[in-house]
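Data first, discussion second: the structure below is written as structure tokens.
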Amino acid sequence: MQIEVVDDASTDADIEKLVAEVGQGRIKYFRQAQNIGSLRNFETCINRSKGKLVHLLHGDDKVRPGYYTRIKQLFERFPTAGAAFSGYCSINEQGQVVSQKNPEMKQDGILSDWLARIGEKQLIQYAAMTVRREVYEQLGAFYGVNYGEDWEMWVRIARHYPTAYTPLTLAEYRQHTTSITNSKFLKGEHLQDLYKAMLLIQDHLPENQKHSILQNSKKYYATYALNIAARLWHSLHNKQLVEAHIKNALQFHTSPLIYLMAAKLYFTLKFYRK
């Protein structure tokens with residue numbers, strides 16, 4: 001197994017020294033000459049990989065014992081699969097489980113109707129997904145957006161290859177309490193990126209399903225945007241930010257439920273007293 005840390009010119013610690021101390025020569029280290037952003041850094045990971053399977057593991061996520069054994073078994077059992085992923089949970093800064101992803105199916109196997117399902121909404125976290133290197137070589141690297149770029153990739157793979165899956169929870173995605181206050185959420189750029197991803201995903205879908213999947217995506221992420229707005233209000237009490245997210249949600253999709261959720265938020269803003 002090739003284990004390598006690809007450092008996007010970080011400045012918060014001496015990563016090379018840390019890798020040397022922890023890895024004791026077993027883990028390789030590569031540092032970008034300058035910060036090139038997450039998409040190009042992922043591309044560097046893919047280009048530097050030498051094995052047949054590639055797992056991109058972000059610095060704050062984890063896999064549980066048995067992940068690589070199970071994923072290897074999936075690829076051996078289903079040789080046509082271009083990618084394979086496991087069940088996963090979300091953990092907080094202390095490593096405590098805060099939520100569990102619902103399983104896609106009850107047993108190991110190839111996911112059915114997967115292109116339509118993953119085309120409608122993001123159902124995977126990086127930590128859970130492993131891809132054949134030849135698939136990346138055939139389909140290319142991540143592109144288009146900086147939020148939702150992996151969603152488009154998983155759809156692109158599903159268009160051309162079967163995807164294998166195990167419901168075992170073998171990966172842990174770390175959620176940070178401050179993530180909702182990062183610049184993309186505050187500016188609403190994550191919603192713009194999601195919409196760009198939706199449009200890119202349209203190119204991978206069957207013609208007779210494009211419209212319905214896009215409408216379902218818009219409905220799902222409009223609700224998501226309003227939930228983000230509620231969380232922003234709870235944490236920051238910033239009317240301008242919340243109103244911007246409500247506006248973005250209504251641009252995504254309109255329905256009685258969406259209008260009701262938006263109206264409740266507006267009512268909360270109007271009658272708020274410090």
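Helix-only arithmetic for the chain: the sum of -39500 (n - 2.57) across DSSP H runs with n ≥ 4, divided by the residue total, places the mean residue ellipticity at 222 nm at -15000 deg cm²/dmol.
In debye, nearest 20, what is the charge dipole magnitude of the range 179-270 about its Cα centre with +1 on Lys and Arg Cβ and -1 on Asp and Glu Cβ, if you could check?
Once rounded to the nearest 20, the dipole reads 320 debye.
The residues packed around Arg31, meaning those with a beta-carbon under 14 Å from its beta-carbon, carry a net charge of -2 if Lys and Arg are +1 and Asp and Glu are -1.
How far is helix 149-160 tilted, in degrees, relative to the longest principal axis of the Cα atoms in the chain, given as a value from 0 to 90 rounded to the nearest 10? That helix lies at roughly 60 degrees to the long axis. Cross-link candidates for Lys218: which lysines have Cα within less than 23 Å, leaving aside residues fewer than 8 places away along the same chain? In chain and number order, the partners are Lys101, Lys121, Lys184, Lys187, Lys196, Lys210, Lys247, Lys264. For the range 193-262 versus the range 73-102, the inter-centroid distance based on Cα atoms is 26 Å.
Any chance you could tell me what percent of the C-alpha pair distances in the range 179-270 go past 20 Å? More than 20 Å apart: 37 percent of the Cα pairs in the range 179-270. Peptides 237-243, 154-160, 41-47, 23-29, ordered by how many other C-beta atoms sit within 10 Å of their residues on average, highest first, read 154-160, 41-47, 237-243, 23-29.
Can you tell me which of 220-228, 262-270 comes out highest on packing, and rank the rest after it, using the mean Cβ neighbours within 10 Å?
Ranking the peptides 220-228, 262-270 by packing returns 220-228, 262-270.
Expressed to the nearest 5 percent, the antiparallel share of DSSP beta bridges inside the range 37-174 is 55 percent. For the range 218-235, backbone phi angles converted through the Karplus equation (6.51, -1.76, 1.60; θ = phi - 60°) give residue-by-residue couplings of 4, 5, 4, 7, 5, 4, 4, 4, 5, 5, 5, 4, 5, 5, 4, 5, 4, 8 Hz, Gly and Pro being listed as x. Summing charges over all other residues whose Cβ lies under 10 Å from the Cβ of Lys50, with Lys and Arg as +1 and Asp and Glu as -1, gives +2. Relative to the current alpha-carbon distance between Arg64 and Asn238, full extension at 0.36 nm per residue lengthens the span by 58.8 nm. Checking every one of the trypsin sites (Lys or Arg not before Pro) in the range 33-125 against DSSP loop status and a limit of 16 other Cβ atoms within 10 Å picks out Lys50, Lys52, Lys106, Lys121.
When a footprinting reagent is the concern and you count Cβ atoms within 10 Å, what order do Met153, Met198, Met105, Met261 take, fewest first?
Ordered by Cβ neighbours within 10 Å, fewest first: Met105, Met261, Met198, Met153.
Relative to the longest principal axis of the Cα atoms of the chain, helix 38-48 runs at roughly 20 degrees. The magnitude of the dipole of the chain, with charges of +1 and -1 set on the Cβ of Lys/Arg and Asp/Glu and taken from the Cα centre, is near 720 debye.
Using the Cβ of Ala158 as centre and a radius below 14 Å, the other residues enclosed give a net charge of -1, where K and R count +1 and D and E count -1. Among Ala84, Tyr147, Ala244, which residue has its Cα furthest toward the positive end of the charge dipole of the chain, with +1 on Lys/Arg Cβ and -1 on Asp/Glu Cβ? Farthest towards the positive pole: Ala244.
Each value in this text was obtained by applying a stated rule to the coordinates, not by laboratory testing. The structure displayed is predicted, hence computed values, not measured ones. When we count neighbours, we look across all protein chains shown, and the Cβ atoms used for this are built from the backbone with ideal geometry, even at glycine.
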